[in-house]
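Everything on this sheet refers to the single structure shown next.
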Amino acid sequence: MFPGISIPPEGFPSFGAGQPWAVKVPGNPAPIAVGITTMSSTEALKAGLRGKALRILHYYRDMLWDSADGRYVPNEGFFEDIVVEDPNFVSTSQSPDSAEGTPEVTHESEDAAIDSSDTADPGVHNEAKEEITDGINELKLPEDKSAEQAPDEKEHQTLTTEEIDSLLDKCLLQALYTSIKEKDLPMPGSTLWSNHILPCRPPGVTLDIKKSSHKKLSKWLQSKSSSGLISAKEDKYKKEVILLGINRKHPDYMAFKPEKRVQEPVEQEKAVAESSVTKQLEVAEIYKPSSHVKPIFMAVEADMEKYYSASEASDVVFRYVEKENLVKPTDKAKVILDVTLCDALYKGAIKKGSAYPTEIHKKDLGSTLLNRMQVHHKVTRGTQEVIRKGAIRTIQIMTERRQGNKKMTRLSGLECFLMDPDSLASELQKKFACSTTTAELPGKKGQYEVLVQGGVIDDLAKHLVDHYGVPKRYIEVYDKTKR
């Protein structure tokens, strides 16, 4: 898992999905496991360094290790139930090289494991070493990936200190333009680096802050703060520099022209695959400006007739905050409420006699605005698209008993997801080999339910998710046969 990986200050080196990497314990040079990456470095950063990093193929004390004669132990840090630092391994400093997952490192570690094993017979020792060496030689790694990495590493090694400084500044400006918004502030320096700076570097280039003239991330950010491009200060408790604000009128910011990045081939394939799945059904909650928030939208020249997603509506109010300079000077995490913004968020919602708030936390600003807008939902299936007022209603699946021990499953709410009840009833009749029928819901003109013979509640829900693409959160299941 990515959260369990120790990340060097300069961040992850570039890597692709399906590449072999080794797992090591800090202070121990021998790998404890070998696996292949589940995603590329670009995908990992976009995911916020969450999720599974490696698909493990072999690990210490697994069946493969147990099947080998001698059952070699790499060093004194390897125990039956835990692997710790090797007391004989002396490291002057922890560098990113110690965490690299290159095949060469893995091979050297395996040789070291053989050398440090307690084998009484030298012949057996040499024979085992030859067998392992032969096994390693049989491993055929993709040559194109190695060929791709070599030029990148060579290019990075030839960068001068001045070039690294220039690249750092360029990545920062690119991030300030494309991914960092006012609502994200204040932001820890580590988050700025891993989630925003590193994704803006050129493909295949490893940014190492230690090789810059600043040497440390904190010093670099403080220098940018001194130049007036950003405002930042050190958190006395966490001992980390926090990004507080962005000066978008700074000459460097205004002169910079952000690059349009082309998606990597892997990302393009993934996007095409995802679009082919989600094209079947797309459900989204959207919002329309109400009279309450009209002054905010008018102030930033936002379209009052347009439907907005939650993030788009949030961007509008933060544009207003930036325009009116409402971020609290003494606490960048809060926004001062002027008369217009206060009325938009709270007029008519505050009990009589209660005082109006004078400020609001940034993390609450977007959601408070959405509560003052008109909720709609948009459902798209192929070329069909429908926008309706109000939150989307869920599909309800209910199983109940009929005539003794017989079961009947009821399905309603299909119209919201552009599904035809009669067509679905015919389809379910064939799928479950049972009788089905449709009936209009009492008191609800134009709304129908599908009746399916038998207790197929779980299979029916799974069919709607897998075949029709209905998100699970929009399906409610009630089993009245359970006592």
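Give me the residue from segment 177-194 that is assigned to a helix (DSSP H, G or I), at pLDDT 85 or above and not hydroxyl-bearing (Ser, Thr, Tyr) and, out of that set, farthest from the chain's Cα centre (by Cα).
In this case the residue turns out to be Gly189.
Kindly provide the set of residues from segment 399-448 that are closer than 16 Å to His463 by Cβ, out of contact with any helix residue (DSSP H, G or I) (no Cβ under 6 Å at 6 or more places or on another chain) and not in a helix (DSSP H, G or I), ordered by number.
Selection gives Arg410, Leu411, Ser412, Gly413, Met419, Asp420, Ala433, Cys434.
Mind listing just one residue for me: the one in segment 157-176 that is among the β-branched types (Val, Ile, Thr) and in a loop (DSSP other than H, G, I, E, B) and, of those, farthest from Lys238 (Cα to Cα)?
Top of the filtered list is Thr158.
Of the residues Leu451, Leu414, Leu370, Leu424, only one is under 31 Å from the mean Cα position of the chain (by Cα) and not basic (Lys, Arg); which?
It is Leu370.
With the condition kept exactly as written, say whether any residue in segment 226-234 is assigned to a loop (DSSP other than H, G, I, E, B), outside the structural domain of Val327 (by TED's automatic domain parsing), closer than 25 Å to Leu326 by Cβ and in contact with a His (Cβ under 6 Å, 6 or more places away or on another chain).
Of segment 226-234, the ones assigned to a loop (DSSP other than H, G, I, E, B) are 228-229.
Of the ones still in play, those that are also outside the structural domain of Val327 (by TED's automatic domain parsing) are 228-229.
So of that shortlist, the ones also closer than 25 Å to Leu326 by Cβ come out as 228-229.
When the remaining residues are screened for being in contact with a His (Cβ under 6 Å, 6 or more places away or on another chain), the result is 228-229.
Yes.
For segment 346-370, enumerate the residues that are among the polar types (S, T, N, Q), surrounded by fewer than 12 Cβ atoms within 10 Å (Cβ to Cβ) and closer than 19 Å to Ala313 by Cα.
Ser367
So which of Val73, Val90 is at pLDDT below 80, among the β-branched types (Val, Ile, Thr) and not in a strand (DSSP E or B)? Working first, answer last.
On the way: Val73 fails: at pLDDT below 80.
Criteria check complete, one pass: Val90.
Out of curiosity, is Pro20 modelled with pLDDT of 80 or more and of a type outside the set (Asp, Glu)?
The answer is yes for Pro20.
Test Gly454 against the criterion of being small (Gly, Ala, Ser) and either within 22 Å of Gly382 (Cβ to Cβ) or in contact with a helix residue (DSSP H, G or I) (Cβ under 6 Å, 6 or more places away or on another chain) (or both), and give yes or no.
The answer is no for Gly454.
The values are calculated or read from the model by the stated rules, or taken from the named source; none is laboratory data. Bear in mind the structure is a predicted one, so any value in this text is a computation, not a measurement. Ideal geometry is used to build each Cβ from the backbone, glycine not excepted, and the neighbour counts take in all protein chains shown.
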